[in-house]
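Novice: The structure's right below; bear with me while I get my questions together.
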Amino acid sequence: MRKLLFLCLLIGSINAERSQALSADDLATREGEIVFGQAWLKSTRSRLGERIDPFCIDLFETWLTRLKNQFDLGTMPMTALCLNSQEFNAFAAPGGIVGMNRGVYLDLKSESEVMAVLAHELAHLAQRHHYRGLRNSERLSTGTLATLAGVVAAIATRQGQAAQSLIMGGQAANATSALAYSREYEREADRIGVTALQGAGYPPAAMSRVLQVLAEKQSQATRDLAFLSTHPLGIERQSDLDARIAQMSFSDARTPVLSAHDFTMFRCIQTENLQISVHTNPTTDCQPIHRILEHYRNEKFQEALSLFDALPKTVRNTFSGLDIEIALTIQSGDFDRAAEAIDTIALFFPSWLQPSIARVDLTIARGVPELPRELRDHMVQRPERLDLWRALARYAQAFKKDHLLFEARGWDALLNGKLEASKTQLSRARDAWPKTLNQRPLQLLEKAIKQTASL
Ligand SMILES: [Zn+2]
């Protein structure tokens, strides 16, 4: 602890001219956690391997929202990150940032199991394990301490590169023990997570299934890396939890966000092109979907659409099915069908951004420059959604609207922690902005840049 405090003091003095130098103590309050988390995200975002998939992000947010009120998390915002890695991993960073690799869908076969993973991660946040880990640092190794201090230092000194190798939680944790949660915290997250899972209307047994997957992965890793004498932590955690689950009653099942058919479809989309050599064909049921997606990637849109239309109705008529249908019909020129599919998702999920983003792509395909009316509202309310700005950039490029392209790039740079680049794009946007057009978008970007600069 002493060593860490010293380092934080040092950072404080380096940044004495800044009003709000970050230190570990900033994790002491919920507000501080959010500031810390957002700063961390900006410094790391471009290297996380994010999957800019509006449907995945919206769904992930919906899942988090369902779980969130089972925890004492107050008004903490949730940032959902769909990540490309094929590793079985998810992580939570302070300030409500939760990331999940698409690799989890090789093993997780139901929404309940995904919710179990997320409940575990939210439990880490609710129990403030990041902060408590720092406070009880004498129990942690000096390596972990140094790593944590390094994260703080890297953020405070804006050394994005350094922060990148010090990812908190998940990703790097297994390999490098960077902020490896103590076993005690893992058990606590399992315990509190399973109660939340039940409270949200999902069977507690799903948590046990997830721990079983973890245990299998660990024994696999132990076999692969025989020189490592890892403890079968997953197995220990599972037996602890099974005793608890046996005593839990479960009667208030809630309808999942996705039906079983829908989840399978979503899972197939997420596992596209993943190397499944270590798996004994867990996604064979996905082969027809993977074929469709392969045709799509090879720009054989008609073939892809024919294959899609030949799928059973129960599979096609899912939200994930509609997501594929939208992409295929936009590309193959069946615009009315695309519009209908978009409207269906919008009807069922009015808060989702995916329909608006799909409307942008439909507009581009139609060749008629007309931004969906609600898009500006989303940009004001959800400027942290990178997929919105990427959609605006596509639109701006398609219709040669430089002012919008600079605006979109300004936000993109800002969300990726490139403050100077963001300022440059803002000034370009200002120069290109039509005089008769509302200036508010420029003001919003300027305000966000100022906020980031003051950290
Ligand atoms: Zn954990």
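The values are calculated or read from the model by the stated rules, or taken from the named source; none is laboratory data. Note that the coordinates shown come from a computational prediction; the quantities given were computed from them, not determined experimentally. Methodologically, a virtual Cβ is constructed for each residue, glycine included, from the backbone with ideal geometry; neighbour enumeration extends over all protein chains shown.
A quick yes/no check of all residues on (1) away from the ligand (no atom under 16 Å from the Cβ); (2) closer than 23 Å to LEU211 by Cβ; (3) surrounded by 21 or more Cβ atoms within 10 Å (Cβ to Cβ):
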residue	(1), (2), (3)
GLN38	yes, no, yes
GLY49	yes, no, no
TRP63	yes, yes, yes
GLN70	yes, yes, no
PRO77	yes, no, no
HIS129	no, yes, yes
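Novice: Still on this structure: Aromatic (Phe, Trp, Tyr) and either at pLDDT below 95 or surrounded by fewer than 16 Cβ atoms within 10 Å (Cβ to Cβ) (or both) - does that describe any residue in the range 314-325?
Specialist: no
Novice: Quick check on my filter: what residues within the range 333-354 are over 22 Å from ILE52 (Cα atoms) and in a helix (DSSP H, G or I)?
Specialist: PHE335, ASP336, ARG337, GLU340, LEU347 - these are the residues of the range 333-354 that are over 22 Å from ILE52 (Cα atoms) and in a helix (DSSP H, G or I).
Novice: Mind checking which residues of the range 84-95 are touching a residue at least 40 places away in the same chain (Cβ under 8 Å) and more than 16 Å from the ligand (Cβ to nearest atom)?
Specialist: Residues satisfying the conditions are SER85, GLN86, GLY95.
Novice: Regarding the range 203-213, can at least one residue be identified that is modelled with pLDDT of 70 or more, within 14 Å of the ligand (Cβ to nearest atom) and charged (D, E, K, R)?
Specialist: No: zero hits.
Novice: If you don't mind, there's one more thing I want to ask. Within the bounds of the range 350-368, is there any residue that is acidic (Asp, Glu) and modelled with pLDDT under 95?
Specialist: Within the range 350-368 (the criterion being acidic (Asp, Glu) and modelled with pLDDT under 95), the answer is no, since none of the residues qualifies.
Novice: Let me ask something else. Go through (1) within 14 Å of SER110 (Cβ to Cβ); (2) modelled with pLDDT under 90; (3) not hydroxyl-bearing (Ser, Thr, Tyr) and name the single condition PHE266 misses.
Specialist: Result: PHE266 fails condition (2) only.
Novice: Here is a check on your reading of the model: is ALA338 within 25 Å of MET78 (Cα to Cα), of a type in the set (Gly, Ala, Ser), within 27 Å of the chain's Cα centre (by Cα) and crowded, with 20+ Cβ neighbours inside 10 Å?
Specialist: no
Novice: Consider only pairs whose beta carbons are under 6 Å apart and that are at least six residues apart or on different chains; among these, list those whose first residue lies in the range 111-125 and is on the phi < 0 side of the Ramachandran plot and among the aliphatic types (A, V, I, L, M) and whose second residue is within 12 Å of the ligand (Cβ to nearest atom) and not in a helix (DSSP H, G or I).
Specialist: Once the first residue is on the phi < 0 side of the Ramachandran plot and among the aliphatic types (A, V, I, L, M) and sits in the range 111-125, its partners that are within 12 Å of the ligand (Cβ to nearest atom) and not in a helix (DSSP H, G or I) give VAL117/ALA90; LEU125/ALA92.
Novice: Out of the range 106-116, which residues are surrounded by 22 or more Cβ atoms within 10 Å (Cβ to Cβ) and at pLDDT below 95?
Specialist: Once the filter is applied, which keeps residues that are surrounded by 22 or more Cβ atoms within 10 Å (Cβ to Cβ) and at pLDDT below 95, the range 106-116 yields LEU106, LEU108.
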